[in-house]
1. Roughly speaking, what is the stretch gain from A:Glu310 to A:Leu96, that is 0.36 nm per residue apart minus the C-alpha to C-alpha distance, in nm to one decimal?
2. Just to confirm, what accessible area per residue do you get for the stretch A:284-410 at 1.4 Å probe, in whole Å²?
3. Report the Cys residues of chain A lacking a disulfide-compatible partner, meaning no second Cys Cβ under 4.7 Å from their Cβ.
4. Quick one: pull the percent of accessible area on chain A belonging to carbon and sulfur, 1.4 Å probe, ligands and nucleic acids left out.
5. Return one whole number: the accessible area per residue of the stretch A:415-465 in Å², for a 1.4 Å probe.
6. What shape does chain A take by its C-alpha gyration tensor, where a ≥ b ≥ c are the square roots of the eigenvalues and a/c under 1.5 counts as rounded, a/b above b/c as prolate, and the rest as oblate?
7. Can you compute the modelled spin-label distance between A:Asp364 and A:Asn20, with each label point 7 Å from Cα toward Cβ, in nm?
8. For the stretch A:415-465, what does the alpha-carbon gyration tensor say about shape, rounded, prolate or oblate, given a ≥ b ≥ c as the root eigenvalues, a/c under 1.5 as rounded, and a/b over b/c as prolate?
Amino acid sequence: MHIYDSVQKKKLPFEPIRANEASIYVCGPTVYDDAHLGHARSSLAFDLLSRTLKAHGYAVTMGKNFTDIDDKIIKKVEATGKSIEELTSFYITRYLEEMAALGIQRADIEPKATESLDAIEAMIQKLIDKDYAYVISTGDVYFDTAKDAHYGEISARVAEDEESQSRVEHTSEKRNPKDFALWKACKGEEDICFDAAFSRGRPGWHIECSAMIEKHFTGDTDYSIDIHGGGADLLFPHHENEAAQSRCATGHALAKYWMHNGFVQIDGEKMSKSLGNSFFLKDALKLYDGEVLRYYLNSVHYRNDFNFSEEELHLSKKRLDKLYRLKKRVSPGKASLPNKNFKKALLDAMGDDLNISIALSHIDEMIAKTNDALDANPKDKALKKETLANIDFIDELLGFGGKEPFSYFQIGVDTALKEQIESLIAQRLEAKKAKDFARSDAIRDEITALGINIMDTADGTLWEKA
RNA sequence: GGAGCCAUCGCCAAGUUGGUAAGGCCGUAGAUUGCAAAUCUGCUAUUCACCAGUUCGAGUCUGGUUGGCUCCUCCA
């Protein structure tokens, strides 16, 4: 299996620290607001990575944090009058629910910053002791980038360029403009802060991840974890700083491989709060089924930017529908074993840095071939069982196709409507039997007007929501 | 101003070490159907933003041009 390392900028064979094991840590959200499609894409990308590694036989340990202490959270606390606990646990719960709707498997370790303060304080203290960090008069603690010879290697940033044209304003007693805060001392008495040896305050953003990884993963190996993931915007400064802290504190590298997912864009621009073009996941899930969203958001390679459009989403659903129509055709029944070649083709495609496009094309090919064979021999039981197993495997590896096929096509149809449809179909059948095609077509129009498509098959009339 | 990514059919989108353009949607012709729908089959880029170069051979390598995006501030 190969993955693309965004530090070395090339595809590398995946050789984990420990044979047959894979540890992944992904930067999770700062929980001060609802998740948007961009969060979904990142989660989806690393869910796919985790599933792929598992299918390739690795025992995966996935860690994903929640940043639950931060300026933005504090602002929101002040604005809403809610407690920080109340606020963050609300968004964490919602985040987990929404991700579950997308079929994302829960991480094995889900640390929160506020529950990792001991590890954070310990790591900062270690950096101070080793003289990689310094405390200024306000009590803030900064990382001294000049002391780290390897600083800049993660994001491949030239050391000289930052000063003159940087958009960052530097004030304070920082020794170097690139130095970043490990700990921010509290300023007012009302501030939300915690006691630490160096000052009363709260952790900087970057140190959290390093400390949590250190706490939950690190052993006495050359790297703390195998793969560190996150959005492409985290490469600098977040991951650069994480790597520096961990390297200097622990004496070994943070991650063996770094993977970054591309952005979700709206009309060709990055979706972000500041541009005001965010599409919240909760709103998307009101309009579309989570599985359809998952299929759509995963249909483009994780490293590419993803231009979201509702039109494309609908087209994408058509492709998923075909899989479920096939499933309908081979259901109900018991799955046997997936076709060996098919399974291998999917594993190979996904094993090549998650080449989802190739995987999907194999699925489409399998669908066409199976339909063809079923047209020729509708009672091929062995094929039906194998097909069910193929679809089970798709669900395991890619996370779609797992629903009961009849219910998939009835999402959003209530019981009353369902009864109405079935009654109309029965009436139409009567008309057809009497060869009263004018009437049967009129009934079909009536059904269509309800937003339902029907199709006559050898097994009777089937219907699905348009 | 600095750093990087990207540009493939009407649309979405693959394309390891250069070897003669996957797949899906749409469209179209046909099989099937009372008609549809669904399903299947055929057709649909001599060409990969543009220019020049290396090569027997380039979408794939090199240089340049144009256009788009991202990072350098919180950000998935």
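1. Full-extension gain reported as 74.7 nm.
2. Roughly 48 Å² per residue, with all protein chains present.
3. Unpaired cysteines in chain A: A:Cys27, A:Cys209, A:Cys248.
4. The C+S portion of the solvent-accessible surface of chain A is 49 percent.
5. 63 Å²
6. It is prolate, given that a/c is not under 1.5 and a/b is the larger ratio.
7. Calculated label separation equals 3.8 nm.
8. Here the stretch A:415-465 falls in the prolate category.
The values are calculated or read from the model by the stated rules, or taken from the named source; none is laboratory data. Owing to the predicted nature of the structure, the values given are computational and were not obtained by experimental measurement. Cβ atoms come from the backbone with ideal geometry, glycine included; neighbour counts cover every protein chain shown. Surface areas here come from the heavy atoms of the whole protein model, side chains and all, with no ligands, DNA or RNA. Shrake-Rupley method; radii C 1.70, N 1.55, O 1.52, S 1.80 Å.
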